[in-house]
Amino acid sequence: MAAPRVLLAAARRAAAAGGGGRGRRAAGGVAGRSRLYEHAREGLSARPRLDVEALSGRELERRRGPLREGDLRDILQTWARLGEVRAAIARLEAQKDDVARGVRELVASHAKDALQAVPEYAALRARGRQVRLQLQALLAEEAALDERFYLKALQLPNRTHPEAPVGDESQARVMEVVGEKPVFDFQPRGHLELGEALDIIRQRRLSHVSGHRSYYLCGAGALLQHALVSFVLAKLLPKGFLPMTVPDLLRGAVFEGCGMQLNATPSPVYTIDPARFEDLCLAGTSEVGIAGYFMDHAVRLQDMPIRVVCSSTCYRAETDTGREPWGLYRVHQFTKVEMFGVTAAESGTESEELLDEFVALQKEIFSELGLHYRVLDMPTQELGLPAYRKFDIEAWMPGRGKYGEISSASNCTDYQSRRLNIMYSDGAGRLRHAHTVNGTACAVSRMLIALLECNQQPDGSVRVPPALQPFVGRAVLTQPPAPLLRYIGPNQPGGGPGGAEGGAHARGGAEEPRGTRRCPSPPRMLMSLK
């Protein structure tokens with residue numbers, strides 16, 4: 001009479017499948033899908049163990065997220081009802097076991113042809129049918145409540161550090177200002193103008209090659225990228241960081257486990273064609289890949305904290321197309337060196353201490369490169385979903401005439417580990433949720449902006465910071481003596497290769513957006529180093 005536990009689990013999955021498919025509108029009005037929920041529901045990982053009761057409605061209102069205080073009340077009510085239903089299911093399972101035991105005893109003590117005449121046997125069978133019907137109804141309700149709970153609760157933010165400023169980005173608190181602004185006795189140029197004159201950056205006429213917000217680094221530009229990565233790795237590896245490479249393509253469940261909302265409109269994440277490759281996205285930071293490495297695994301207490309460093313290509317949709325469409329500040333693809341840490345939660349201060357360590361390393365890197373920068377304690381509306389506390393560092397960029405963000409460091413406490421099942425064995429051998437911390441060591445494209453603009457000289461040459469000279473091989477980047485490319489495409493006077501000799505230079509052409517100031521047009525030449 002009694003179904004094995006595995007059959008009950010199968011019944012739960014069947015009820016979930018019948019209760020709501022992918023992309024449908026769930027109970028409570030939550031639209032869309034959750035790849036992380038689907039991942040867990042299909043048995044590929046444990047269900048996220050969310051600590052929803054730790055979050056207050058006041059904290060929720062202070063964060064810039066999709067949910068409000070009323071949603072939190074609904075989530076808590078759904079969770080309470082889900083607990084009641086699961087308790088009722090457990091009681092019915094026990095009754096089902098009792099019925100099955102009674103039937104087995106009667107079968108063992110009576111002849112088969114005499115069982116139908118035994119009143120207790122008929123009563124037990126009737127009770128068994130009643131229990132099955134009750135279980136069927138409760139399992140359907142459990143599936144609906146489970147989906148309703150997770151589709152909303154997975155959109156909740158982390159708790160907020162009590163010292164975090166409240167409000168939008170204008171409320172960011174300046175914690176420290178380091179270095180002096182560079183002073184010029186000439187009008188400083190922007191990084192794109194400098195890079196084009198030095199023939200180390202190309203961004204013009206690429207819409208037919210790689211699309212807008214793309215670029216080439218060549219000559220010393222490519223060397224500077226490799227130099228920055230090598231310099232940062234050489235700085236971090238002796239400090240106990242584990243080097244790692246990660247996949248660029250990852251499942252949506254890992255993104256959502258890190259606190260990224262793939263269903264946002266428009267989405268900040270590139271998704272591979274689902275008709276050919278189901279549920280694969282391009283990572284905008286190696287934080288996602290590193291978190292995926294630890295997903296569904298536990299580490300030993302004595303091995304913590306674990307520090308990981310990874311250099312990877314990052315892909316960003318940059319959906320706000322009106323902001324800085326030209327230059328390297330907002331691009332679709334760039335190289336970044338990321339720090340990631342996994343800490344214990346024995347004292348409760350481990351992740352805060354590692355966050356401070358990461359910020360100190362960022363400051364050490366930027367100071368050795370000679371940058372003028374400021375450290376900001378970011379306010380509640382700038383924390384995203386996963387961060388408990390976040391510090392940004394902005395460097396002065398003379399060509400832009402303002403500070404620009406070059407790094408971020410966040411303490412995510414147990415927010416990501418509860419969603420991705422990242423655990424550690426405590427002193428008693430019990431599994432507990434770890435804490436995660438992440439920080440940018442070097443975002444190459446933005447570092448190039450600050451370095452080129454702060455180290456420019458009146459003749460357009462650029463000094464190489466001493467820390468990078470061993471990797472670049474020169475102290476100064478100068479304008480090259482001879483052209484490398486001459487544009488012969490259709491967007492020039494004369495109309496193409498058969499047109500006037502000496503048509504538009506490589507920076508000319510019709511692709512520049514209307515109203516864009518054209519840079520001066522020095523010859524396009526190979527990079528020379530002095």
| note | Checked against a 21 Å limit on the C-alpha separation, the offending pairs among 152/336; 239/363; 181/363; 235/336; 239/336; 181/239 are 152/336; 181/239
| message | I need the calculated FRET efficiency for the pair residue 110 and residue 73, taking r as the beta carbon distance and R₀ as 41 Å, to the nearest 0.05. | response | 0.15
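In whole percent, what relative contact order does the stretch 214-284 give with Cα contacts below 8 Å and a gap of six or more residues? Spell out each step's value before the answer.
Details: 41 pairs, mean separation 17.7, N = 71.
RCO, the stretch 214-284: 25 percent.
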| What angle, in degrees between 0 and 90 and rounded to the nearest 10, separates the Cα long axis of helix 5-19 from the longest principal axis of the Cα atoms of the chain? | 60 degrees
| request: Find, among the GluC sites (Glu not before Pro) in the stretch 117-202, those assigned to loop by DSSP (not H, G, I, E, B) with at most 16 other beta-carbon atoms within 10 angstrom. | output: 163, 180
| message | For Cα pairs less than 8 Å apart in space and 6+ apart in sequence, what is the mean separation divided by the residue count of the chain, i.e. the relative contact order in percent? | response | 18 percent
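Take the Cα atoms of the chain, build their convex hull, and give its volume per residue in Å³.
Numbers: hull volume 96.7 nm³, N = 530.
Convex hull volume per residue, Cα atoms: 182 Å³.
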| task | Let me know the Rg and Dmax you get for the stretch 143-298 when you use only its Cα atoms, in Å. | result | 21.5, 70
| message | To make sure I understand the rule: partners must be lysines, Cα under 24 Å from the Cα of residue 112, and not fewer than 8 residues away in the same chain. Which ones qualify? | response | 96
| field | the stretch 221-368 - convex hull of the alpha-carbon atoms, volume per residue in Å³ | value | 151 Å³
| said: Can you compute the charge dipole magnitude of the stretch 157-248 about its Cα centre, using +1 on each Lys and Arg Cβ and -1 on each Asp and Glu Cβ, nothing else charged? Give it in debye, rounded to the nearest 20. | reply: 280 debye
| field | FRET E, pair residue 317, residue 431, Förster distance 30 Å, beta-carbon r, rounded to 0.05 | value | 0.25
| How many angstrom separate the Cα center of the stretch 239-280 from the Cα center of the stretch 333-372? | 22 Å
| query | Taking amide hydrogens as modeled 1.01 Å from N in the peptide plane, which residues meet the under 5 Å criterion relative to residue 205, leaving out close sequence neighbours? | reply | 511
| At R0 = 25 Å, FRET efficiency that the Cβ-Cβ distance of residue 64 and residue 367 yields, to 0.05 | 0.20
| request: Could you give log10 I(q)/I(0) at q = 0.11, 0.14, 0.20 Å⁻¹ for the stretch 307-455, computed by the Debye formula over C-alpha point scatterers of equal weight, without solvent? | output: -0.47, -0.73, -1.29
| For the stretch 263-322, what are the per-bin percents of Cα-Cα distances with bins 10 Å wide, up to the bin holding the maximum? | 18, 37, 28, 14, 3
| query | So which GluC sites (Glu not before Pro) in the stretch 321-409 end up in coil per DSSP with only 16 or fewer other C-beta atoms within 10 Å? | reply | 346
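For the chain, with all protein chains present and a 1.4 Å probe, just round the carbon and sulfur fraction of the accessible area to a whole percent. Mind showing how you got there, number by number?
Details: 12660 of 24380 Å².
The computed percentage sits at 52.
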| query | Based only on Cα atoms, what Rg/Rh ratio does the stretch 59-171 have, Rh being taken as Kirkwood's radius? | reply | 1.35
| request: Could you pull the Cα extents of the stretch 409-459 along its three principal axes, largest to smallest, in whole Å? | output: 66, 21, 12
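In square nanometres and to one decimal, what's the mean projected area of the convex hull around the Cα atoms of the stretch 218-300? Don't skip to the answer; put the middle values down first.
Values: hull surface 32.9 nm².
About 8.2 nm², averaged over all directions.
Indicate the gyration tensor shape class of the stretch 148-212 (rounded, prolate or oblate), computed on the Cα atoms with a ≥ b ≥ c the square roots of the eigenvalues: a/c under 1.5 is rounded; otherwise a/b larger than b/c is prolate and the rest oblate.
Because a/c hits 1.5 or more and a/b fails to exceed b/c, the stretch 148-212 counts as oblate.
Summing Lys, Arg as +1 and Asp, Glu as -1, what charge do residues with Cβ under 9 Å from the Cβ of residue 393 carry, residue 393 excluded? List each step's numbers first, then the result.
Details: positive: 363, 374; negative: 392, 394, 405.
Net charge around residue 393: -1.
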| request: With a cut-off of at most 15 other beta carbons within 10 Å, and DSSP calling the residue loop, which chymotrypsin sites (Phe, Trp or Tyr not before Pro) in the stretch 248-338 qualify? Please list them. | output: 277
| query | If you take the charge dipole of the chain about its Cα centre, with +1 on Lys and Arg Cβ and -1 on Asp and Glu Cβ, which of 332, 110, 203 is farthest toward its positive end? | reply | 110
| query | Relative to the compact globular guide of 2.2 N^0.38 Å, what is the alpha carbon radius of gyration of the stretch 326-395, as a ratio? | reply | 1.30
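Let me know the charge dipole size of the chain about its Cα centre in debye, to the nearest 20, where only the beta-carbon of Lys, Arg (+1) and Asp, Glu (-1) is charged. Walk me through the numbers on the way to the answer.
On the way: 68 positive and 61 negative charges, 264 e Å.
With only Lys, Arg, Asp and Glu charged at Cβ, the dipole is about 1260 debye.
Using a 1.4 Å probe, what is the accessible area per residue for the chain, in Å²? Write down the numbers at each step before the final one.
Details: 24380 Å² over 530 residues.
Per-residue value: 46 Å².
Starting from the alpha-carbon convex hull of the stretch 114-183, give the projected area averaged over all orientations, in nm². Intermediate values should be presented prior to the final figure.
On the way: hull surface 43.5 nm².
The Cα convex hull of the stretch 114-183, projected and averaged over all directions, gives 10.9 nm².
The values are calculated or read from the model by the stated rules, or taken from the named source; none is laboratory data. All values reported here derive from a predicted model rather than from experimental measurement. Neighbour counts run over all protein chains shown; Cβ positions are idealised from the backbone, glycine included. Protein only, heavy atoms only, side chains kept; ligands, DNA and RNA dropped before computing areas. Shrake-Rupley method; radii C 1.70, N 1.55, O 1.52, S 1.80 Å.
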